[in-house]
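Quick note: the coordinates plus some simple rules give every number you see, no bench work behind them. Worth saying up front: this structure is predicted, and the values here are computed from it rather than measured. Neighbour counts are summed over all protein chains in view; Cβ atoms, including those assigned to glycine, are modelled from backbone coordinates with ideal geometry.
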Amino acid sequence: MTTPPFVKNYLPPIVLGLSLFTVYLLTMAPGLTWAHDGMDGGDLITAAATGGVPHPTGYPTYLLLAAFFQKLPVGSLAFRTNLMSAFVTVLAAVLIYKIVADSILPSKPELNLCAAMIAGYAFGLAPLIWSQAVITEVYALQMFLTVLVLYLYTGTAPLSNRSQIYLDKWRGIVLGITMGNHITTILLLPVAFTLGSIRPRLIHDSTSQAERIAIGRLKFDTASLFRQFLFCGLGLSLYLILPLRALAHPPVNWGNAVTLRRFWWLVSGQLYVGNLFPARIEIGEILLGVQAWASLLLQQWGLIGLILACIGLIYFFSPSRLSLFTIWQLIVSSGFAIFYRSFDSYVYLLPACISISIWIGVGFGQVIASKYFVQHRLGWAISIILLIYFLGLAACHWPQVDASKDIRAEIIGVQILESAPAHAIIFVQGDEAVFATWYFHYALKQRSDLIVIATDLLHFDWYQKNLRTTYPSLVISSPFPWVETIIIANPTHAVCYARYSEQTYIECLEPLLPLLE
């Protein structure tokens, strides 16, 4: 009996997408959250909602898509942006399914789809991937865009000149858009531009008046490279929305990127350069980073998953676009995660997780396509066993990934604003407290009588200007505005101090001078 085309081609990815989306919804943060080191969520949500510019590197691609999701008539503003993370992660998993399904050819097409499903679940249920699908952060969107770049650059079908030109344009645009979401995409440019510019030679066949492929003969197409580079620049033009937003003087306006110097400071991530290039590099720290790298990857899929990935990698020893791209992606993302000095540097392993998930699917496809499994018709049985294995791992990881009950940020943001007297100046310290306060004060427009100042940013001239624009009545002494000088310059305002470190600290003081009626 022939399997209907819909069942064979569309039902598996639909089941994959809907099941993952259900898992993400059940474990998604209900609002603003700090789960999984997602304290930047308040900054990103507020910037998207107010037409602002978040912390470096500005993330214009994320801002545009988040602003769209924030218009959905469901849940709170934070929930809608959390929802975006789940949606794009599901798209990434489905696209991985497609990549694997197109990359292996077992003896039975149905088993090929099983291997693709395994790859999709290996990706979507890996705790690191899962954790980013249930919070507001830029990394879920980055995963989808990275998989899309991988898909566009690893096709093997020969193309006509017109089709190749069309593909080059889309490759470049998507690369630029991906860099507009996260600057680490630059690590993929060497392999992308190289693989995207190597084409089979087309030889004109005078007999049939048609073009045919000369098998095994390749050429480096400089015109193709130029087109990709040009359209990558077009995609990068998304960064121009940052100075345009800055000109509107939004309340969240990192860098105030209206000059070339400030624009470069923002988009190049100068604030974090010291994390990548520290003054000293200790060998011991590198070894600890490698150990943490290995432990984290083992945690994602267990020993069985990594063995299948190794089988897939061995199969990939015959060079192909997909093998070269995924190997390069694993190497550069792992290196960046190990050398970058940040408490959340582990998130930079997400591209490596993409590569390994694909290898797991390819490796499993090779196992069930082997002569032994085909002769004994064990393909379906082993597929079900492996799926149960990954579901079992997911059940074990559920408590650590579940963010559905994390309302710390919501509680503390409300608590800080409600604790302040009327017309008070609140000096807030630390990313957690600052971004939570911004979310309620700027995005949700609560307690408009208050003046919120992030003390950690006071030394930046752009932030001083931003405060003057946002709060025209606030007197900011110059040239060096410190907390004490601002208090003295605004003696009729009550003053509050707020921060969060394991617990909330809020202290409010009476104004230096009584407010004159």
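Database note for the chain: Cys without another Cys beta carbon under 4.7 angstrom, Cys114, Cys232, Cys310, Cys353, Cys396. Could you run the Debye sum over the Cα atoms of the chain, one equal point scatterer each and no solvent, and tell me log10 of I(q)/I(0) at q = 0.07, 0.08 Å⁻¹, two decimals? Debye intensities relative to I(0), on a log10 scale: -0.45, -0.58. Cα centroids of segment 79-142 and segment 416-459: 38 Å apart. Per the Debye formula on identical point scatterers at the alpha carbon atoms of segment 239-350, with no solvent, log10 I(q)/I(0) at q = 0.12, 0.21 Å⁻¹ is -0.66, -1.10. Whole-Hz Karplus values for segment 475-490 come out as 9, 10, 6, 10, x, 10, x, 10, 4, 5, 5, 5, 4, 5, 6, 10 Hz, taken residue by residue from phi with 6.51 cos²θ - 1.76 cosθ + 1.60 and θ = phi - 60°; glycine and proline positions read x.
Expressed as a whole percent, how much of the Cα-Cα distance distribution for segment 453-517 exceeds 18 Å?
The proportion of pairs with Cα distances above 18 Å equals 42 percent.
Label reach from Thr22 (point 7 Å along Cα→C-beta): in segment 388-407, amide nitrogens under 19 Å belong to 388-399, 402-404. Annotation for segment 33-77 versus segment 290-346: alpha-carbon center distance of 29 Å.
Here Val452, Val495 are placed in order of increasing Cβ neighbour count within 10 Å, fewest first, which gives Val495, Val452. Where in segment 378-462 are there trypsin sites (Lys or Arg not before Pro) that are in a DSSP coil and have at most 15 other Cβ atoms within 10 angstrom of their Cβ? In loop regions of segment 378-462 (DSSP not H, G, I, E or B), the sparsely surrounded trypsin sites (Lys or Arg not before Pro) are Lys405, Lys445. The angle separating the long axis of helix 222-236 from the principal Cα axis of greatest extent in the chain is about 30 degrees.
Sequence-distant contacts, meaning Cα pairs under 8 Å at least 6 residues apart, place the relative contact order of the chain at 20 percent.
Local charge for Pro243 was computed over the other residues whose Cβ lies under 15 Å away, with Lys and Arg +1 and Asp and Glu -1, and equals +4. If you take the alpha carbon atoms of segment 1-152 and fit the smallest convex hull around them, that volume is 117 Å³ per residue. The alpha-carbon atoms of segment 318-477 define a convex hull whose volume equals 185 cubic angstrom per residue.
In this structure, Leu378 and Ile314 have a Cβ-Cβ separation that, at R0 = 30 Å, corresponds to a calculated FRET efficiency of about 0.90.
Between Ser295 and Leu387, the FRET efficiency from the beta-carbon distance, with R0 = 35 Å, is close to 0.90.
Report the antiparallel proportion of the DSSP beta bridges in the chain as a percent, rounded to a multiple of 5. If I count the DSSP bridges inside the chain, around 60 percent turn out antiparallel.
Checking the Cα-Cα distances for Lys405/Lys445; Lys98/Lys219; Lys71/Lys405 against a 26 Å cut-off, the pairs over it are Lys98/Lys219.
In terms of other Cβ atoms within 10 Å, His459, His397 run from fewest to most in the order His459, His397. For segment 157-200, the equivalent ellipsoid built from the Cα gyration tensor has semi-axes of 22, 12, 5 Å, listed from largest to smallest. Using modelled amide H (1.01 Å from N, peptide plane; none on Pro or chain starts), what sits under 5 Å from the amide H of Lys219, excluding residues fewer than 5 places away? So Lys219 has HN proximity to Arg199, Arg201. Using only alpha carbons, segment 60-136 has a radius of gyration to Kirkwood radius ratio (Rg to Rh) of 1.13. When Rg and the Kirkwood Rh are both derived from Cα coordinates, the Rg/Rh ratio for segment 408-509 amounts to 0.93. Against the chain, whose longest principal axis is taken from its Cα atoms, helix 379-401 shows a tilt of about 10°.
May I ask for the percentage of alpha-carbon pairs in segment 424-470 that lie more than 17 Å from each other?
Summing the P(r) tail past 17 Å for segment 424-470 gives 30 percent.
Relative to the longest principal axis of the Cα atoms of the chain, the long axis of helix 60-69 makes an angle of roughly 90 degrees.
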